[in-house]
Amino acid sequence: MTGHTMSVQLERDMVVLTPVCHEPEGALCRLRCDSGCPDYDSDHGHELVDRGYCNVEWLTDGGNAAEFHAGETEISLYDGMPITVQWNGEGYEWSKADRDA
Ligand SMILES: [Zn+2]
Ligand SMILES: [Zn+2]
């Protein structure tokens, strides 16, 4: 899953990281359980439906996406950089994708 980039903006004195989704409707990152489970495994027994937006947008809900970074502890940031996103069982975390990936 590489259809995500990170927007890197400076707002006053704060760097704001916002994940941006480029995946089409029905992509894995946009699905939710039709029965309302917090579980998005495709094989957990319920039908998954498109929720109309990307789950990864949760990354910024009430916080900074930097808190959910799962890669190396020190990375350089640039606007529009590709990221990979994975579900860790409790939430999404992201890491910087290789430029060639
Ligand atoms: Zn997405
Ligand atoms: Zn379910």
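None of the figures in this text is laboratory data; all of them are computed from the coordinates on show. As the structure is a computational prediction, the values presented were derived from the model and not from experiment. When we count neighbours, we look across all protein chains shown, and the Cβ atoms used for this are built from the backbone with ideal geometry, even at glycine.
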(message) Using the Cα centre of the chain as origin and beta-carbon charges of +1 (Lys, Arg) and -1 (Asp, Glu), tell me which of ILE75, VAL15, GLY26 is placed farthest towards the positive end of the dipole.
(response) VAL15
(request) Could you work out how far apart the two model spin labels at GLU67 and HIS44 are, taking each label as a point 7 Å from the Cα in the direction of the beta carbon, and quote it in nm? (result) 2.2
(message) Kirkwood Rh and Cα-based Rg: tell me the resulting Rg over Rh for the chain, rounded to two decimals.
(response) 0.99
